[in-house]
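S.K.: Below is the structure I would like to discuss, written out as structure tokens.
The values are calculated or read from the model by the stated rules, or taken from the named source; none is laboratory data. Keep in mind it's a predicted model, so treat the numbers as computed, not measured. Methodologically, a virtual Cβ is constructed for each residue, glycine included, from the backbone with ideal geometry; neighbour enumeration extends over all protein chains shown. What goes into the accessible areas is simple: the full protein's heavy atoms, side chains included, and nothing from ligands, DNA or RNA. Shrake-Rupley method; radii C 1.70, N 1.55, O 1.52, S 1.80 Å.
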Amino acid sequence: MSPDARHRMGGALFRVIGSSLSPAGGRGRLNILIYHRVLGSPDPILHDELDAATFEWHLALLRDEFNVLPLGEACARLARGALPARAACITFDDGYADNEQIALPILKRFGLPATFFVSTGFSDGGIMFNDAVIEAVRRAPAGTCDLSPLGLGNYSLGDSTSRRAAIDALLGQIKYRPIGERVVLVRQLAEAMQSTLPTTLMMRPAQIKRLHEAGMEIGGHTVNHPILAVLDDQQARAEIFGGKHRLEEITGAPVTLFAYPNGKPGRDYGPRDVELVREAGFAAAVSTTAGVANRASDLFQLPRFTPWDRSPRRFGLRLLANCLRRVPA
């Protein structure tokens with residue numbers, strides 16, 4: 001049997017299994033994938049982000065073996081029990097410039113839709129706190145870095161492995177602090193590390209508009225990407241409503257989809273935030289709880305998962321395995 005014949009047979013078997021796990025109609029299940037960045041080439045510091053070549057074969061498998069829908073359409077079809085078999089959606093969080101520069105041309109080449117959830121507060125040359133930490137550590141001179149005056153400990157910085165370990169430790173200490181404290185602390189950290197932070201990581205308004213004009217969906221992701229659960233009512237409302245309003249200004253179109261920053265229910269957001277999202281006029285929202293959605297799922301807390309796999313076989317198997325997870329109600 002030729003390699004092409006084996007590939008066709010394997011694809012047919014995959015579709016049969018996938019259709020049994022994710023059938024059409026009222027028993028349909030929806031796989032929603034999360035991406036953040038698509039890099040031009042692999043980066044050992046950003047080992048959990050895909051490069052363009054890997055993203056291309058992700059899309060090839062999704063195009064060939066799944067029915068990829070715009071998220072808004074998928075949510076409407078899920079609610080009325082009209083999903084196709086092996087339904088899937090592609091989403092991006094945060095609003096990185098490479099979404100428009102690298103991911104968009106690849107999506108267009110494969111003819112696939114995606115939804116981009118954008119935090120608007122960084123669209124004029126800003127940088128998210130996690131990226132500020134990453135880039136400060138990346139740019140710091142080799143050797144011991146004493147951050148104990150900031151209450152953040154000591155780090156030995158050398159190769160990419162030690163720098164990544166320092167990044168993970170620092171993010172864990174900073175993530176859940178109040179926004180104002182977080183901003184000040186990250187600035188002090190960059191100064192202590194003698195690092196100049198980049199201003200081109202996030203999309204500018206013109207890039208967000210180009211995504212919209214290319215037929216991609218733009219979704220809300222707050223203004224400053226806070227942990228909503230630690231905000232008071234007024235702050236949470238301003239973040240959710242303000243991000244939506246700004247995106248509608250940029251695109252000139254309604255923004256009806258939302259992604260909770262960080263996205264873990266009970267830890268990163270709560271029932272108050274779900275109600276605020278409803279009140280703001282969104283039609284659906286997504287979390288970062290792994291699994292697939294079905295007709296019984298809460299449209300304002302739809303599960304998603306992140307595909308880390310670096311081989312098509314493992315990626316395909318993970319998509320199928322995700323269909324076996326208990327569906328959050």
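S.K.: For the range 245-271, how many residues meet the condition of being open to solvent by 10 Å² or more (accessible area, probe 1.4 Å) and out of contact with any helix residue (DSSP H, G or I) (no Cβ under 7 Å at 6 or more places or on another chain)?
M.R.: The qualifying residues number 9.
S.K.: Could I ask something else about it? Looking at the range 108-119 only, could you name the residues that are out of contact with any Cys (no Cβ under 9 Å at 6 or more places or on another chain) and open to solvent by less than 10 Å² (accessible area, probe 1.4 Å)? Lay out the reasoning, then the answer.
M.R.: Keep residues of the range 108-119 that are out of contact with any Cys (no Cβ under 9 Å at 6 or more places or on another chain), which gives 108-112, 116-119.
Answer for the range 108-119, where residues must be out of contact with any Cys (no Cβ under 9 Å at 6 or more places or on another chain) and open to solvent by less than 10 Å² (accessible area, probe 1.4 Å): PHE116, PHE117, VAL118, SER119.
S.K.: May I ask you to list pairs of residues, at least six apart or on different chains, whose Cβ atoms are under 8 Å apart, with the first in the range 62-87 being more than 16 Å from PHE117 (Cα to Cα) and at pLDDT below 95 and the second being of a type in the set (Ser, Thr, Tyr) and not in a loop (DSSP other than H, G, I, E, B)?
M.R.: That search, which allows pairs on different chains as well, returns ALA85/SER19; ARG86/SER19.
S.K.: Give SER123, SER41 a once-over and let me know the one that is without any contact (Cβ under 8 Å) to a residue 12 or more places away in the chain and touching a strand residue (DSSP E or B) at 6+ places or on another chain (Cβ under 7 Å).
M.R.: Working: SER123 fails: without any contact (Cβ under 8 Å) to a residue 12 or more places away in the chain.
Every option except SER41 fails the conditions.
S.K.: Inspect the range 218-234 for any residue being on the phi > 0 side of the Ramachandran plot and either touching a residue at least 12 places away in the same chain (Cβ under 8 Å) or under 20 Å from the mean Cα position of the chain (by Cα) (or both) and give the result as yes or no.
M.R.: So far as the range 218-234 goes, yes, one or more of its residues are on the phi > 0 side of the Ramachandran plot and either touching a residue at least 12 places away in the same chain (Cβ under 8 Å) or under 20 Å from the mean Cα position of the chain (by Cα) (or both).
S.K.: Then there's this: Inside the range 268-308, can you point out the residues that are assigned to a strand (DSSP E or B) and free of Cβ contacts under 8 Å to residues at least 40 places away in the same chain?
M.R.: So the first thing to find is which residues in the range 268-308 are assigned to a strand (DSSP E or B), and the list is 269, 284-286, 293, 302, 305.
Of everything in the range 268-308, just one residue is assigned to a strand (DSSP E or B) and free of Cβ contacts under 8 Å to residues at least 40 places away in the same chain, namely ALA285.
S.K.: Does at least one position in the range 309-327 carry a residue that is at pLDDT below 95 and under 16 Å from the mean Cα position of the chain (by Cα)?
M.R.: The answer is yes; a qualifying residue exists.
S.K.: Collect the residues in the range 309-318 that are part of a helix (DSSP H, G or I) and acidic (Asp, Glu), keeping them in residue-number order.
M.R.: none
S.K.: Can you pull out every residue in the range 182-219 that is part of a helix (DSSP H, G or I), of a type in the set (Val, Ile, Thr) and open to solvent by 50 Å² or more (accessible area, probe 1.4 Å)?
M.R.: Once the filter is applied, which keeps residues that are part of a helix (DSSP H, G or I), of a type in the set (Val, Ile, Thr) and open to solvent by 50 Å² or more (accessible area, probe 1.4 Å), the range 182-219 yields VAL183, VAL184.
S.K.: Would you check if there is a residue in the range 200-215 being out of contact with any Leu (no Cβ under 8 Å at 6 or more places or on another chain), more than 22 Å from ARG139 (Cβ to Cβ) and of a type in the set (Gly, Ala, Ser)?
M.R.: Checked against the condition, which is being out of contact with any Leu (no Cβ under 8 Å at 6 or more places or on another chain), more than 22 Å from ARG139 (Cβ to Cβ) and of a type in the set (Gly, Ala, Ser), the range 200-215 yields at least one hit.
Here's the yes/no breakdown for (1) modelled with pLDDT under 95; (2) charged (D, E, K, R); (3) closer than 26 Å to GLU249 by Cα:
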residue	(1), (2), (3)
ASP124	yes, yes, yes
ILE134	no, no, no
VAL137	no, no, no
LEU170	no, no, no
ILE174	yes, no, no
ILE179	yes, no, yes
ALA206	no, no, yes
GLY215	no, no, yes
ILE218	no, no, yes
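S.K.: Also, I was wondering about something else. Residue by residue through the range 171-181, note down the ones that are within 21 Å of the chain's Cα centre (by Cα) and assigned to a helix (DSSP H, G or I).
M.R.: Within the range 171-181, LEU171, GLY172, ILE174, ILE179 qualify.
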